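What follows is a short report on a single structure.
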Amino acid sequence: MKKAALALAVLSAVATAPVLAQSSRDYISIVGSSTVYPFATVVAEQFGKATKFKTPKIESTGSGGGIKLFCAGVGVQHPDITNASRAIKKSELEQCATNGVKDVVEVKIGYDGLSVAESKAGKDMKLTRRDLFLALAKQVPNPNGTQTLVDNPYKTWKDVNAALPAIKIEVLGPPPTSGTRDAFVELVMDEGCDTFDFIKAMKKADKKAYKATCQTIREDGGYVEAGENDNLIVQKLEANPTALGIFGFSFLDQNRDKVRGLSIEGVQPEFETISNGSYPVSRPLFFYVKKAHVAVIPGMKEYLGEFISKKAMGEEGYLAERGLIPLPKDEYATVSKRVTALDVMK
Amino acid sequence: MTQTPILLVLLLALSSAAYYFGCKRAFRVADGKIRKLHSLPGYYGLYVALWAALPALLILCAWLLFQGSIITRMVVSSLPESIQQLGPDRLNLVVNDIRNLVSGNIVSGQPDATMLAAAEYYRSLLSVCRNLLFAVVLVVAGLCGWFGYSKIRVQHRARNGVESIVNGLLVACSTVAILTTVGIVLSVLFESIRFFQAVPITEFLFGLEWSPQIALRADQAGSSGAFGAVPLFAGTLLITFIAMTVAVPIGLMSALYLAEYASARVRAVAKPLLEVLAGIPTVVYGFFAALTVAPFIRESGSFLGLDVASESALAAGLVMGMMIIPFVSSLSDDVINAVPQSLREGAYGMGATSSETIRRVIFPAALPGIVGAILLAVSRAIGETMIVVMAAGLASNLTANPLEAVTTVTVQIVTLLVGDQEFDSPKTLAAFALGLVLFLVTLALNFVALYIVRKYREQYD
Amino acid sequence: MSPQGQAMAFKFDGGAASPHATTVARDVRQTVGEVRVIDPRIRCTDINVHYGTKHAIKNISLDVGKGEVLAMIGPSGCGKSTFLRCLNRMNDTVRECRVTGEILLDGEDINGRHIDVVPLRARVAMVFQKPNPFPKSIYENVAFGPRIHGLCESRADLDVIVESSLRKANLWEEVKDRLDDVGTGLSGGQQQRLCIARAIAIEPEVILMDEPCSALDPISTAKVEQLIEELRQQFSIVIVTHSMQQAARVSQRTAYFHMGDLIEVSETDRLFIKPRHQLTEDYITGRFG
Amino acid sequence: MTNPSNAQPGGATSFARIQAGMAKRRAAERRFKMLGRLAVSVGLLFLSVLLFSIVSKGYTAFWQTQMRIDVTLLADEIDPEGTRNAETLRKADYSSLIKQSMRDMFPEVSGRRDKFALYGLVSNGAAFDLRDKVMADPSLIGTKVSLWVPADDDVDMLMKGHIDRDAAEGDRRIKDNTLGWIDRLKAEDRLELRFNIDFFTKGDSRDPELAGIRGALMGTIFTLIVTLSLSFPLGVAAAVYLEEFAPKNRWTDLIEVNINNLAAVPSIVFGLLGLAVFINVFGLPRSAPLLGGLVLTLMTLPTIIIASRAALKSVPPSIRDAALGIGASPMQATLYHVIPLALPGMLTGTIIGMAQALGETAPLLMIGMVAFIADVPQGVFDPSTALPVQIYLWADSPERAYVERTSAAIMVLLAFLALMNLVAVLLRKRFERRW
């Protein structure tokens, strides 16, 4: 009886919900990462101007939020594409599938360097990922050398690494809602973590504890959540020469007159170093396409075509102008082939 | 749903016809002598028209409301047993696909034979329904119209009938306010309850740490995930406090000056100019705070050797105070003007100076009203969003230092919801819980403030 | 002020037409009677008041003697209240109001440039038509004046002033047990006496009363009238009243105003028994007004 | 001063005391008055600083640097087959033509970076301007045309003086060699500040020099149309009922309290309502003016109801009595006599409510109107932003030229608000009656 009532409730909800939903749509609906947003909007605008299709609508909802909306179902009321600053997870794909979103095409569009920057008035520190991990993790290996974890005792960079100046640790970075944060954790914290063998060993033994150790960021003021507004971070850095900031390479590129990227493991964040992979902290950017929508929503194919075209994603393309690091040639060829064929993810 | 507009047009035509015939019949029963009729002929026309349209409309609405679920149930019961046995989630998916197939929307996969059959069935049911609906609605409209038509007599009180229906419509309109409140409460309540199932309400209300870093995904390590909202409340109060220390003295003194001292001409210019401050959109203040005031404060702070956060509570509070000035001054102006002239004369008559009159007579007399006005302004400050979203920080500091960055309830609602729209993690649910708190707090403030103001008005009416 | 009253001003009873009835023009409205007294407290000469374009008071000269009660009577809108408000410059609070002429208080022009209205009003206090106690305690109402004027050094001083003022106002016995109650909670008559107590607490030289009893019942009125009689020993009192009986009861001299003119000033007894001006006679015999 | 010897006993001492205290009291009085003046001036100062900072930042956005380029429209590049087919013309690579023309102007520039910088002098929109020109008149193909196109935002910023030429090269967005090119272009009269008509006729763009507010403006207008068409009838009907017909009972009391409270509920809460009810339950499309309008309707309704009730209240009862006295029903008296007299007041209240809705941002953030929408919306179902949301979005954009655009958009928004308030004031002046 109870089950029947539940089923009835579910059914009536389903039945009434789309009463007002539109049954056709003549523009592409895109959601997702705020990191990819500036690139996607440029392509969308170019696409809208160059073709007779409408310019896609792009909402900036964050990677996770975008995937959530994207995976809510198939149909014009759901978005066609979601941008992501990280690869979609298996669990998310499964979630998609249960909602009927079965065929998803992954498009890797390029790389974004995650720069750690400071004001031009700052002291141009040379950092390593290990330094960053020690400075920012909530728990760090006991400084006395025993293989135990203690709450992060470090107050200045000098405490972390004697080669660094005695400046208070103050890093402005993205909040946990942001894909940039995810990437930072994976590319810097995990890597820094792995430089301690006993923690690295935990990876196999107790994955959960490993993650808790490596990916939890201190909350005692050393790391300041500065919101998604990277402009403000730049302003703050300018005001406070001892603070460091974490943001995408494109922002660094736009604000070269005010801030400077710090070298990590000896490599400066530059167009070339990111592109050839020598700069260690860079991450791929993606977008995901619902295959079921490609044939139905007008302009989908053309939009994909525009995005992967040479003049957009190519080495001299307009996305590179905006600070997106293009894919290496061979990778570009595979991506381009896969998109043209609409190969879905397995 | 394409038949609905056609049906509506038909109904409209039908009721227009009903109006025409109603008028005509009224003339006829009165033998052309309108004075004999109880009401004007137009009312008879309206009466018949309403009879023709309203019942049919009601049936139409009810039909449309239930048609979907009834058809869906029928289609589901026609599906093979194996599909019916699926869990509600999967079943929903199937139903959704069928509906998408029918409406020509995108379908999740290649439809198989059963699906196509079900869609066909659905479609046939839909067309049966549509025809039936047409027939039923039109027949009902005709019958009811005829009923109304047949009631037309010389003595029939058509106007009263029409008016009671209009009255009903007016009542319906006035209940929209109640529905809105109910809607607000429901929309935040359910999500809040779910939130409080995950996070104890005491922890939420009294916890000293706010750090909603629950893992975004199952495989990601979250931080402590503390949901103690006290730092948010404290931050909100700090910014509100700063805003009020700007707005209350300036607003109140301006109101007193303009009401008691200023010449008519100064008043005529200054008062509307001050009120412009209230009309400027808050996003403009936010922009102003973030780009002009905050850097200014930070620079003057560093000039004085102070360490000022670039998202200092001071900047947001200062600008919010600017915005609130006219709220305080207009409302105070009202209450000051409500103080009877006789009290002023009483004080002047014994040689009190203007300032003594204001401070010792007018101000105490107007105090309850002013307190009400200030409470309303406080509630406005607490709920203000754009200024703090653009100019205040995200860091949940439990501090009373206005030079540090604090975060507020509204900022967190926006970041939690706009940053990531997962509707089931406690993180986003927390936004609704914060919304609930915000709603309740402002509700209580408004309630008290309005009560005080009303009591005060009664005193001098 | 009822507009009807104003309209009635020129309406004479048809039958008993007086010789002046048709010629009540400006020129016959010259003041008759004794406008001057020896050793006046206030001496007004050629007072004119304009409200915007309205000429409310026309060329009035009048003295207020020491220790006397001067009553001012006349139909509504005749300018008696306006004149009263000139005496302590309450008209300053009315925008667009212009006062010309000379008002000497103890020989000094109160409209003089260097005169501050504040001490002036402390010397010439005013009690209004409608009782207007401040929404504070009885005690605070009386203490208001002494406080703002700095007439007391200590709470004990103040207590003395409050008590003596309330006693003088014949209110002490009624309120001594509830000095902390709100003044607005008293009855109308008590409120008016409270306002008088409030005025005398600052020991003014002159008290102006603008129809102080018009809102009161007969018993309260009697109490206030008795109070006025007692206060005359210490203060000069100028009272505007609508009630000729009241004027007759409380005042030594009475002035009759008509349409912004001062028609007649006489000893009260004489004015009521043997008016010298036709308009006065018409008024006191109830022909109009 | 006066010799107070004539005063009664007691009066003398008190008068002396009063005199003694006067200096202090006068000073206090002056201080208080100064405080009042100060408060008013501070308030007005705030207003003027705010307006000044907006206007001084934004007025330059109404001009845009245009650049004159000579482009050779090579037939081989545009239409090698010579079909003059519209689709071919549309797809041709005009940007390479423009790049060619830039190279022709500065033949000495070489190296990938420098060329990049050179091409960057012209806006990305130039290619589309050229395309539109060619498509409008295909006979131009093969000729050399000279046309004015928008310059890049950096050039624009330099021309407007927002970039400091004297700063060290490293601290400057425009490098020394680029500066040299720009100066040369200026010397050749190829750079000119012109009225920025695109700002009013185009939709949003990721290039500041191409970004316009028309899309946001239309979105705002559609939103307001929805709001107005719902909130005015609803608000007036509710006000009429409450003021004229409602019996005094608990139910109407509840409604009253409700309305007064709703008027002061934070706007963001209405956004939560829209998210939970309109999107999640009714399934309305995100980002649509329809949805925004619905949310704003609920938000402005209390304002309109309260203002309308005040207007109805100010109609004297004698009017109602007069109508009722000659046998009109209460409904007729209200409909034919009271409402027409109260209408100006109701309209004024409605305009004020609309002005409030016009500037509102927070609830729209909750319902997906924070989006990049380049096309100008054509109806209430099209995705759109609103003017305040556009301001919010631009304020967050990295390109510095957006600061100027944001300020300009604010000026437009304020102009609209001023206009609406002016209409309200005029209405009030024109129809105000004193009973």
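For the reader, a short list of remarks on this structure follows.
- Our coupling estimate for segment B:147-162, obtained by passing each phi through the Karplus curve with A = 6.51, B = -1.76, C = 1.60 and θ = phi - 60°, is 4, x, 4, 6, 7, 5, 10, 4, 8, 5, 8, 5, 4, 4, x, 4 Hz, Gly and Pro reported as x.
- Short-range pairs are left out: with C-alpha atoms under 8 Å and at least six residues apart, the relative contact order of segment B:226-460 is 29 percent.
- Computed helical MRE - 222 nm, chain C, DSSP H runs ≥ 4 contributing -39500 (n - 2.57), nearest 500: -9500 deg cm²/dmol
- A probe of 1.4 angstrom, applied to the heavy atoms of all protein chains, finds residue D:76 with accessible area near 130 square angstrom.
- Loop exposure criterion: GluC sites (Glu not before Pro), DSSP state outside H, G, I, E and B, at most 10 other Cβ atoms within 10 Å. Applied to chain D, the longest stretch between such sites is D:189-435.
- Chains D and A together bury roughly 3500 Å² of accessible area, counting both sides, with a 1.4 Å probe on protein heavy atoms only.
- Residue mean of other protein chain beta carbons inside 10 Å, A:284-293: 1
- Solvent accessible area, Å² - residue B:387, 1.4 Å probe, full protein context: 0 Å²
- Here is the interface size for B with A: some 4000 Å² of accessible area buried, both sides summed, with a 1.4 Å probe.
- Cysteines in the protein assembly as shown that lack a partner Cβ within the 4.7 Å cut-off: B:23, B:61, B:129, B:144, B:173, C:44, C:78, C:86, C:97, C:152, C:195, C:213.
- Summarising the label geometry, the points placed 7 Å from Cα in the beta-carbon direction at residue C:36 and residue A:206 lie 11.4 nm from one another.
- FRET E, pair residue A:24, residue B:127, Förster distance 30 Å, beta-carbon r, rounded to 0.05: 0.90
- Solvent exposure of chain A amounts to 37 Å² per residue of accessible area, where only protein heavy atoms count and the probe is 1.4 Å.
- For chain A, adding -39500 (n - 2.57) for each run of n ≥ 4 DSSP H residues and dividing by the number of residues yields -11000 deg cm²/dmol at 222 nm.
- Heavy atoms of chains B and D lose about 6400 Å² of accessible surface on contact, summed over both sides with a 1.4 Å probe.
- Accessible area per residue in Å² at 1.4 Å probe, computed on segment D:8-59: 54 Å²
- When you filter the GluC sites (Glu not before Pro) in segment C:137-197 for DSSP loop state and at most 12 other Cβ atoms inside 10 Å of their Cβ, you are left with C:153.
- Most mobile listed residue (D:361, D:88, D:300) in chain D, GNM with C-alpha springs under 10 Å: D:88
- Share of carbon and sulfur in the accessible heavy-atom surface of segment D:62-203 [1.4 Å probe, %]: 49 percent
- Listed values for segment A:41-52 are Karplus-derived 3J(HN,Hα) couplings in whole Hz (6.51 cos²θ - 1.76 cosθ + 1.60, θ = phi - 60°), namely 5, 5, 4, 4, 5, 4, 4, x, 7, 7, 10, 8, and x replaces Gly and Pro.
- When the trypsin sites (Lys or Arg not before Pro) in segment B:12-81 are filtered for DSSP coil states and for at most 13 other beta-carbon atoms within 10 Å of their beta-carbon, the remaining sites are B:33.
- Carbon plus sulfur fraction of accessible area for segment D:214-431, probe 1.4 Å, in percent: 69 percent
- Prolate/oblate/rounded label for chain B (Cα gyration tensor, a/c 1.5): oblate
- For the peptide B:70-78, the mean number of other protein chain Cβ atoms found within 10 angstrom of a residue's Cβ is 2.
- Accessible surface of segment C:80-125 [probe 1.4 Å, protein heavy atoms]: carbon and sulfur percent: 45 percent
- Cβ-derived FRET efficiency at R0 41 Å, residue B:179 paired with residue D:326, nearest 0.05: 0.60
- Shown are C:172, D:251, B:146, B:51, whose ranking by accessible area with a 1.4 Å probe and every protein chain present, most to least, is B:146, D:251, B:51, C:172.
- Charged neighbours of residue C:65, selected by a Cβ distance under 13 Å, balance to -1 (K, R count +1; D, E count -1).
- When A:150, C:238, D:425 are compared by accessible surface with a 1.4 Å probe, the order from highest to lowest is D:425, A:150, C:238.
- Ellipticity at 222 nm from helices only: DSSP H runs of n ≥ 4 in chain B, each -39500 (n - 2.57), divided by the residue count, give -25000 deg cm²/dmol.
- Seen from every direction in turn and averaged, the convex hull around the alpha carbons of chain C projects onto 15.6 nm².
- Pairs exceeding 30 Å between alpha-carbon atoms, taken from A:168/A:211; A:89/A:236; C:54/C:136; A:301/D:133; B:271/D:248: A:89/A:236; C:54/C:136; B:271/D:248.
- In the context of the full set of protein chains, residues of segment D:117-190 present 43 Å² of accessible surface per residue (probe radius 1.4 Å, heavy atoms only).
- Separation in nanometres of the label points that stand 7 Å from Cα toward Cβ, at residue D:378 and residue B:34: 4.7 nm
- For segment B:89-211, the square roots of the Cα gyration tensor eigenvalues, ordered a ≥ b ≥ c, give a/c of at least 1.5 with a/b no greater than b/c, which places it in the oblate category.
- Sequence of A:329, A:203 from largest to smallest accessible area, 1.4 Å probe: A:329, A:203
- Exposure of residue A:120 as accessible area (Å², to 10), given a probe of 1.4 Å and all protein chains: 80 Å²
- Net length available on complete extension from residue D:200 to residue D:165 is 9.6 nm, with 0.36 nm assigned per residue and the Cα-Cα distance removed.
- Taking amide H as placed 1.01 Å from N in the peptide plane, residue A:172 has its amide H under 5 Å from the amide H of A:224, A:244, A:245, A:246, each at least 5 places away in sequence or on another chain.
- Relative contact order (%) - criterion: Cα under 8 Å, at least six apart; region: chain D: 18 percent
- Mean Cα-pair separation over length for segment D:62-203, i.e. relative contact order, pairs under 8 Å, 6 or more apart, %: 41 percent
- Global geometry of segment C:126-241, whether rounded, prolate or oblate, following the gyration tensor of its Cα atoms and the 1.5 cut on a/c: oblate
- Rg over Rh for segment B:3-174 works out to 1.21, both radii taken from alpha-carbon positions and Rh defined as the Kirkwood radius.
- Antiparallel DSSP beta bridges within the protein assembly as shown, percent to nearest 5: 70 percent
- Binned Cα-Cα distances of the protein assembly as shown, short to long, each 10 Å bin given as a whole percent: 1, 7, 12, 15, 15, 14, 11, 9, 7, 5, 3, 1, 0
- Spin-label pair residue B:457/residue B:155, simplified geometry with 7 Å Cα→Cβ offset, distance in nm: 4.7 nm
- Across peptide B:252-258, the mean count of Cβ atoms from other chains lying within 10 Å of each residue's own Cβ comes to 6.
The values are calculated or read from the model by the stated rules, or taken from the named source; none is laboratory data. Computed from a predicted model, the values in this text were never measured in an experiment. Counting neighbours? That spans all protein chains shown, and the Cβs are built from the backbone with ideal geometry, glycine included. These accessible areas exclude ligands, DNA and RNA; they are computed on the full protein's heavy atoms, side chains included. Shrake-Rupley method; radii C 1.70, N 1.55, O 1.52, S 1.80 Å.
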